[in-house]
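Working notes, beginning with the structure itself.
Laboratory data are not the source of any read-out in this text; all were calculated from the coordinates shown. Quick caveat: nothing in here was measured; it's all calculated off a predicted structure. Cβ placement follows ideal geometry from the backbone for every residue including glycine, while neighbour counts extend to all protein chains displayed.
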Amino acid sequence: MNYYIKNATLVNEGQTFVASVFVSDGKIAKIVRKGEDGPSTGSGTFAPSTQVIDATGKYLIPGIIDEHVHFREPGLTHKADIYTESRAAVAGGVTSFMDMPNTMPQTTTQELLQQKFDLAAEKSLANYSFYLGATNDNLDEIVKTDPKQVCGIKLFMGSSTGNMLVDKNEVLVRLFRESPCLIAVHCEDEQTIHENTVRCKDLAAKGEVIVDASIHPFVRTTEACYKSSFKAVDMADHFGARLHVLHVSTLRELLLFKNNIPLKDKKITAETCPHYLWFDNHDYEAKSFAIKCNPAIKSHRDKEALLQALHNGLIDTIGTDHAPHLREEKFTGDYFTSKSGFPSVQHSLDIMANVLPNDLPLLVQLMCHNPAILYQIDRRGFIREGYYADLSLVDMNANQVISDKDEYSKCGWTPYDGLQTHSRVTHTFVNGNLVFENGVFHEEERGTRLCFNR
Ligand SMILES: [Zn+2]
């Protein structure tokens, strides 16, 4: 099927203009600005099978590339799986995702990595890539990674997620020296967190503090983040590694990054997530464990500084850290047992449109262009002739209220329940296939593996 997306307002590469886009054989065949002559449908250049979509009044953006998700498959599919979460993704205008290795088993060998690619080829509605997880003893596997076929290496630096905590210095040195591709890093100092947790439990036992969700930024502190981020940036600098610091949550960490180098030349880059820009510590009272995540959501000042960093280029990309858990895993226990993380892939566009009102060009830069540049993704992330037709059509005048009942993630709830938004994705194209249309999924086609020009 070919498509003629007529009279859309394109938001692309800093420009906003009315144009029509022809989609043919999975690619963006032609972009015709309003007033210019273009090929006509019907008996003209394009086949009669071309479907016309009237996009008058709607915004056409490149499909969002979410570089940071946890789709939980294999092994944790009671929470989520690649099929369900890729549906949530395309419903939110996300056309490509990169999934993290803390599944069961953890993705720490080339064989396990291939199994994930095979699963996605069978099940995913969106395009995909998968990170290989670093451990204290899998360097042999890491060096075998093909940088043209795999998005990166995930390093939990000082955060214990099973055996993926890399805490041996000689391993870190070799990893930073020898990794064949980008290292995406989770930075929180485990020892600091452990000490804070012990103190917190002690005070709670004596009845001296009430331990509820609001304690989280006092356990997973700014200090814990900074200590670990500083070390990662320092080592990457020293060994010339390509480092991407994930989910930056504090003002203090921003001091570690630069904004005087074009993104394509940066060796050290930074991501933040929609929730660090929307929530702050004042929201724990109303949202409680719904917004418990790692790193913790911190102060209003941190939030304001992160917002500023989107504008000044200290932060390069937005990834969601989509991390679904079942309601019972979040809400039935106490602070110490409530799981950290929540779903967000379906609403990243909505939240970022609220965070950056009237600034779709910056939103598109942070969520579409920059991930494509940073990961050197082949022919995606921009509306350009010859590129893959990964596109989202967005109505920015839709008054909608985000609701648990409309959540496509398998976990069936969202921390944004009840939030008023103005954006609604009406159409999502993946490789030129219309996979989501006004609340209806077309599931005949599957997404494809991302390739990288490295
Ligand atoms: Zn994560």
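Laid out as a table, the results:
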read-out: Residue that is surrounded by the most Cβ atoms within 10 Å (Cβ to Cβ), among those in region 92-128 that are away from the ligand (no atom under 16 Å from the Cβ) and among the aliphatic types (A, V, I, L, M); value: A126
read-out: Residue satisfying all of: in region 223-252; over 23 Å from the mean Cα position of the chain (by Cα) and of a type in the set (D, E, K, R); farthest from K154 (Cα to Cα) among these; value: E223
read-out: Region 108-128, residues that are touching a residue at least 40 places away in the same chain (Cβ under 8 Å) and of a type in the set (S, T, N, Q); value: T108, Q115, S124, N127
read-out: Flag for Y284 being more than 16 Å from the ligand (Cβ to nearest atom) and touching a helix residue (DSSP H, G or I) at 6+ places or on another chain (Cβ under 8 Å); value: yes
read-out: Matching residues in region 384-436 - criterion: being of a type in the set (A, V, I, L, M) and closer than 25 Å to V52 by Cα; value: A389, L391, L393, V394, M396, A398, V425, V430, L434, V435
read-out: Residue list for region 287-315, restricted to those being in contact with a helix residue (DSSP H, G or I) (Cβ under 8 Å, 6 or more places away or on another chain) and under 21 Å from F336 (Cβ atoms); value: K287, S288, F289, A290, I291, K292, C293, P295, A296, I297, K298
read-out: Filtered residue count, region 235-253, keeping only those that are part of a helix (DSSP H, G or I) and either among the β-branched types (V, I, T) or closer than 18 Å to E178 by Cβ (or both); value: 5
read-out: Filtered residue count, region 254-280, keeping only those that are in a helix (DSSP H, G or I) and without any contact (Cβ under 8 Å) to a residue 40 or more places away in the chain; value: 2
read-out: Yes/no for K264 being over 17 Å from L155 (Cα atoms), of a type in the set (K, R) and surrounded by fewer than 19 Cβ atoms within 10 Å (Cβ to Cβ); value: yes
